[in-house]
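S.K.: Take this structure, written in structure tokens, and hold onto it; I'll ask about it next.
Bear in mind these aren't lab numbers, they're just calculated from the coordinates by the rules spelled out. None of these values were measured; they are calculated from a predicted model. Counting neighbours? That spans all protein chains shown, and the Cβs are built from the backbone with ideal geometry, glycine included.
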Ligand code: 6R9
């Protein structure tokens, strides 16, 4: 079957910032003359001391290192706030929509945001926070979350946001890993009408983190939460006492901006570290070009600030560009499945950027929820977080966008800082399901398992050949792990962990992770993390977790569990283990299936054969492959015979 192609609409080809010819020329130049190209693109940022050196990077062991604009200085908070005040001080920077449509929304101008950021920055300074110190942010989707990020950036403190859906244990691990002394949180969060006990979670986490001496607590719901004398400060009162002036600290381009923990195929989540100058250029540039952003437009990225998409495309990219960025506290189906599109109408949103998992869930509810709304303001749609299946793409395009809005399907990662492979709306004909073409400076390649470069239309492991300004610089506290994880599988290349197909037109189609990472509703999770949560339970001897196809979430979590000898597994234990994992990691890690198994398929050397477990979870029993190398091949028959019946 020939795949669909949607040519660039004529008005987009004529009016967009970048048309096809310009894209080709800019991409060529970004690769052939990177120093000249990036010196120019970096002018979108206000530098305090201009850089004299642009690119100084190597992926090779001998001289490994990634440095961009390395002798320049800047402050990213000043780039997101101060420099807009003269021209756009009264423009709305953040349009906030609360969880419940009956509560009041908020519009915060650049001038107001600047004052709020300065006050919080002064409070942090008063609590002894200095440049280079780590500050943990555990907040719901409220404007104060953006204020917190920018206040850290203003004084050079490194923020580490922990998604407000993570458990106290997960929070404690992340506070400890980066030695943060300060936590910014709220009494409770509110999502889909449900309260999330954030302060309670913090208190529980801090029993393991004695070094934390300051907790600033925002009153979001007004719940009565215990406050520890000397440590806990009510946000509103504490900032009210501070001055609304705070000079931005001059930071080096390569000074750290933030840490964001993300799951890998092994071990604990890694603290992905981004630095200031290159990230600023990358976030601002990609936001402008990918969304064809023009000042005055209302732009909405529906991601949570707990994920990298929220960092780059709710806060830093849009604010660096002087945009009006919508921040939404709620969920797509509360109080009903029209919610997203009602918010679009309420604010006149022109650009909407969301995740396939939400779109699939809404698609299932029926078109009438979309048709109830006007959506006339929409001109561009975006997708991120996981592959978008062509069916959901077509629905997004036809039903939500009424055929008039291009869709930018942006492939990228926490590690890449911003969009890497994506259509540009005025330049790229769209193929549903394909992230399409590389961004400026991005040189993707497909390799076979032996590291041979594959040409033309082919399938392979997706790698990137050279550095780009938004690339992560290290794993917090473990530079060796950074090098080992990303640059040793294929020497001299950045390995993404994704599989990919390239078609005869040079379009890239991401096929999903090829390592032990699963993508559940666009959230990355390491199977190893869920396994270690399961084996931490007293009745569990061994566990193996794999992804399984899931109609809404993209992938679901399938856990094979072997219990201790004296334990008789039953339905009650199954429920207990589900609750256990939710408590250990958070609700996003809830197993969809737990299959009790007397044994797991292992090689003679004791390695679990995940390939076989994946096939069973996928119900793809015809292609289990060679099982003769297993220590005990009968284990597989038992797993198949006792496969739970799935709805
Ligand atoms: C931004 C973000 C990264 C992983 C990545 C890939 C998957 C993200 C995608 C996509 C296909 C897209 N992914 N965007 N797959 N098409 N447009 O999601 O970062 O949370 O680190 O996840 O997500 O597998 O490797 P992160």
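S.K.: Picking from 396, 316, 353, which residue would you name as being within 16 Å of the ligand (Cβ to nearest atom), touching a residue at least 40 places away in the same chain (Cβ under 8 Å) and part of a helix (DSSP H, G or I)?
M.R.: Sole residue among the options that is within 16 Å of the ligand (Cβ to nearest atom), touching a residue at least 40 places away in the same chain (Cβ under 8 Å) and part of a helix (DSSP H, G or I): 316.
S.K.: Okay, moving on. Inside the range 360-379, can you point out the residues that are free of Cβ contacts under 8 Å to residues at least 40 places away in the same chain and in contact with a strand residue (DSSP E or B) (Cβ under 8 Å, 6 or more places away or on another chain)?
M.R.: 378, 379, listed by residue number.
S.K.: Here's a follow-up. Sort out which residues of the range 382-393 are outside any loop (DSSP other than H, G, I, E, B) and either more than 21 Å from residue 289 (Cα to Cα) or more than 18 Å from the chain's Cα centre (by Cα) (or both), and write them in order of number.
M.R.: So in the range 382-393, the residues outside any loop (DSSP other than H, G, I, E, B) come out as 382-384, 390-393.
Correct list: 390, 391, 392, 393.
S.K.: Here is a further query. Return the residues of the range 197-226 that are under 23 Å from residue 134 (Cβ atoms), free of Cβ contacts under 8 Å to residues at least 60 places away in the same chain and surrounded by fewer than 20 Cβ atoms within 10 Å (Cβ to Cβ); say none if nothing qualifies.
M.R.: 200, 203, 204, 207, 208, 209, 210, 211
S.K.: Within 15 Å of the ligand (Cβ to nearest atom), touching a strand residue (DSSP E or B) at 6+ places or on another chain (Cβ under 8 Å), on the phi < 0 side of the Ramachandran plot and not in a helix (DSSP H, G or I): is that true of residue 466 in this structure? Before you say what the answer is, go through the steps one by one.
M.R.: Working: within 15 Å of the ligand (Cβ to nearest atom): no; touching a strand residue (DSSP E or B) at 6+ places or on another chain (Cβ under 8 Å): yes; on the phi < 0 side of the Ramachandran plot: yes; not in a helix (DSSP H, G or I): yes.
Against the criterion (within 15 Å of the ligand (Cβ to nearest atom), touching a strand residue (DSSP E or B) at 6+ places or on another chain (Cβ under 8 Å), on the phi < 0 side of the Ramachandran plot and not in a helix (DSSP H, G or I)), residue 466 does not qualify.
S.K.: Which condition from (1) part of a loop (DSSP other than H, G, I, E, B); (2) away from the ligand (no atom under 12 Å from the Cβ); (3) crowded, with 20+ Cβ neighbours inside 10 Å is the one that residue 531 breaks?
M.R.: Result: residue 531 passes all but (1).
S.K.: Has the range 245-252 got at least one residue that is closer than 30 Å to residue 30 by Cα and either in a helix (DSSP H, G or I) or more than 27 Å from the chain's Cα centre (by Cα) (or both)? Break it down stepwise before answering.
M.R.: Step one: filter the range 245-252 for residues closer than 30 Å to residue 30 by Cα, giving 250-252.
Retained after the next criterion (residues that are either in a helix (DSSP H, G or I) or more than 27 Å from the chain's Cα centre (by Cα) (or both)): 250.
The answer is yes; a qualifying residue exists.
S.K.: Taking the condition under 20 Å from residue 24 (Cβ atoms) and either within 13 Å of the ligand (Cβ to nearest atom) or touching a strand residue (DSSP E or B) at 6+ places or on another chain (Cβ under 7 Å) (or both), does residue 416 pass?
M.R.: For residue 416, the condition - under 20 Å from residue 24 (Cβ atoms) and either within 13 Å of the ligand (Cβ to nearest atom) or touching a strand residue (DSSP E or B) at 6+ places or on another chain (Cβ under 7 Å) (or both) - is not met.
S.K.: Mind listing whichever residues of the range 409-455 are closer than 24 Å to residue 360 by Cβ, part of a strand (DSSP E or B) and touching a helix residue (DSSP H, G or I) at 6+ places or on another chain (Cβ under 9 Å)?
M.R.: 409, 410, 430
S.K.: OK, next. Could you check, for the range 80-92, whether at least one of its residues is within 28 Å of residue 242 (Cβ to Cβ), crowded, with 18+ Cβ neighbours inside 10 Å and in contact with a strand residue (DSSP E or B) (Cβ under 7 Å, 6 or more places away or on another chain)?
M.R.: Yes, some residue in the range 80-92 is within 28 Å of residue 242 (Cβ to Cβ), crowded, with 18+ Cβ neighbours inside 10 Å and in contact with a strand residue (DSSP E or B) (Cβ under 7 Å, 6 or more places away or on another chain).
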